[in-house]
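Visitor: Sharing a structure with you now.
The values are calculated or read from the model by the stated rules, or taken from the named source; none is laboratory data. Quick caveat: nothing in here was measured; it's all calculated off a predicted structure. For neighbour counting, all protein chains shown are included, and Cβ atoms are generated from backbone atoms with ideal geometry for every residue, glycine included. Each accessible area value is taken on the protein alone, full model and side chains, heavy atoms only, with ligands, DNA and RNA left out. Shrake-Rupley method; radii C 1.70, N 1.55, O 1.52, S 1.80 Å.
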Amino acid sequence: MLASVLVSGSFVQGSPSPIDTVDHLVYATPDLQVGIERIEQLSGVRAAPGGQHPGRGTRNALVALGPVSYLEIIGPDPEQPKPANARPFGIDTLSAPRLAAWAAKGSDLDRFAAEAARSGVKLGQVVPGSRHRPDGVVLSWRYTDPSTVVADGIVPFFIDWGRTPHPSGTAAAGLTLNELRAEHPDPDHVQKMLSQLGVDLPVTRGSRPALIAIVSGPKGRVELR
């Protein structure tokens, strides 16, 4: 079992709250405007434009969930051609928006991913990513490849923003993340993998895999799944 988890740029002993571990939640949608409007209807906050992911065929919009965490609404980018590979987070097969995945804060990702693999949790390769903000600023990061889906997206991918400004700083304000939990048909197996990574995310039995986030804002407490 891994004895530590990557939080806020360093290894921390024990298992912190899942809210402290969250870098961002991924709300995937077959149409970005539909996703933006759905979140606004539910919460009362309209997401700010995020930017394009060159070559991946996607773009996003963001709502801050705290000083260093945010909700990413991600969908197809009509200004880009259809990519050669499938868009991430099952976007190409969605019929409605859903909370599809989450990213945990991390650093020293190569070592962390290698330790995770030795513990039986294969997070995939550590790869670079980038996008252009509407003001032209290029954001770049490294992460364990989110196309390697572990436990139907309940096990997070890990991200390191390096020297790039954290996206929560330019995201729309107004929401707070109160709770993050999950459901899965095999909760014991998923909980074991999370524990091996040092992630204390509650998982209960459910008929299908689901991430459930409770956020609060202008319209009170809202459940996203």
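Visitor: With no solvent and one equal point scatterer placed on each C-alpha of segment 101-173, evaluate the Debye formula and give log10 I(q)/I(0) for q = 0.16, 0.18, 0.19, 0.24 Å⁻¹, two decimals.
Guide: -0.60, -0.73, -0.79, -1.10
Visitor: How much length is gained on full extension from Lys219 to Thr204, taking 0.36 nm per residue of separation minus their Cα-Cα distance? If you can, show how the numbers build up before the last one.
Guide: Values: separation 15, 0.36 × 15 = 5.40 nm, distance 2.72 nm.
The Lys219-Thr204 span can extend by a further 2.7 nm.
Visitor: With charges set only on the Cβ (+1 for Lys and Arg, -1 for Asp and Glu), what does the dipole of the chain come to about its Cα centre, in debye to the nearest 20?
Guide: Numbers: 22 positive and 22 negative charges, 26 e Å.
Rounded to the nearest 20 debye, it is 120 debye.
Visitor: Evaluate the relative contact order of the chain (contact order divided by residue number), counting alpha-carbon pairs under 8 angstrom at least 6 apart; express in whole percent. Provide the component values of the computation, followed by the final result.
Guide: Details: 556 pairs, mean separation 57.8, N = 225.
Relative contact order for the chain comes out at 26 percent.
Visitor: For Ser130, Ser207, Ser107, give me the order by solvent-accessible area with a 1.4 Å probe, most accessible first, ignoring ligands, DNA and RNA. Mind showing how you got there, number by number?
Guide: Numbers: Ser130 50, Ser207 115, Ser107 20 Å².
Sorted by accessible area, descending: Ser207, Ser130, Ser107.
Visitor: Pull out a ≥ b ≥ c, the square roots of the eigenvalues of the alpha-carbon gyration tensor of the chain, then state rounded if a/c is under 1.5, prolate if not and a/b is larger than b/c, and oblate in the remaining case. The partial results should precede the final answer.
Guide: Numbers: a/c = 1.42, a/b = 1.25, b/c = 1.14.
It comes out rounded by the Cα gyration axes.
Visitor: If you don't mind, there's one more thing I want to ask. If we sort 31-41, 57-67 on the protection proxy, mean other Cβ atoms within 10 Å, highest first, what's the order?
Guide: Values: 31-41: 18.2, 57-67: 22.3.
Put in order of decreasing packing, that is 57-67, 31-41.
Visitor: Can you report the principal axis dimensions of segment 43-112 using only the alpha carbons, biggest first, rounded to whole angstrom?
Guide: 39, 33, 21
Visitor: I would also like to ask the following. Checking the cross-link filter: which lysines have an alpha carbon closer than 28 Å to that of Lys192, excluding same-chain neighbours under 8 positions apart?
Guide: Lys105, Lys122
Visitor: Please report the relative contact order for segment 85-159, taking Cα pairs under 8 Å with a sequence separation of at least 6, and give it as a percent rounded to a whole number. Please list the in-between numbers first.
Guide: Values: 95 pairs, mean separation 26.6, N = 75.
Taking the mean separation of contacting Cα pairs over the length of segment 85-159, I get 35 percent.
Visitor: Before rounding to the nearest 500, sum -39500 (n - 2.57) across all DSSP H runs of length at least 4 in the chain and divide by the residue total; then give [θ] at 222 nm in deg cm²/dmol. Let's see the in-between values first.
Guide: Numbers: 4 runs with 36 residues, N = 225.
Helix contribution divided over all residues of the chain: -4500 deg cm²/dmol.
Visitor: Considering just Cα atoms, how many Å³ per residue does the convex hull of segment 137-225 enclose? Mind showing how you got there, number by number?
Guide: Numbers: hull volume 10.7 nm³, N = 89.
Value for segment 137-225: 120 Å³ per residue.
Visitor: Also, quick follow-up: Per-residue counts of other Cβ atoms within 10 Å, averaged by peptide: what ranking do you get for 68-76, 211-219, highest first?
Guide: Details: 68-76: 24.6, 211-219: 18.3.
Output ranking for 68-76, 211-219: 68-76, 211-219.
Visitor: If a/c stays under 1.5 just call it rounded; otherwise compare a/b with b/c (prolate if a/b is bigger, oblate if not). Do that for segment 146-193, with a ≥ b ≥ c from the square roots of the Cα gyration tensor eigenvalues. Intermediate results must be reported in sequence, preceding the final value.
Guide: Numbers: a/c = 3.32, a/b = 1.68, b/c = 1.97.
Because a/c hits 1.5 or more and a/b fails to exceed b/c, segment 146-193 counts as oblate.
Visitor: Suppose all protein chains stay in the model; what accessible area per residue would a 1.4 Å probe give for segment 57-214, in Å²? Don't skip to the answer; put the middle values down first.
Guide: On the way: 6990 Å² over 158 residues.
Roughly 44 Å² per residue, with all protein chains present.
Visitor: Got a number for the accessible area of Lys105? Probe 1.4 Å, square angstrom, nearest 10.
Guide: Counting only protein heavy atoms, the figure is 20 Å².
Visitor: Right, another one. Applying a 10 Å radius around every beta-carbon, put 109-118, 189-198, 19-28 in order of their mean neighbour count, most first.
Guide: Numbers: 109-118: 16.7, 189-198: 19.3, 19-28: 23.6.
Averaged packing, sorted descending, gives the order 19-28, 189-198, 109-118.
Visitor: Here is a follow-up. Can you give me the solvent accessible area of Thr170 with a 1.4 Å probe, rounded to the nearest 10 Å²?
Guide: Number for this one is 70 Å².
Visitor: With every protein chain left in place and a probe of 1.4 Å, what is the accessible surface of Ser95, to the nearest 10 Å²?
Guide: 120 Å²
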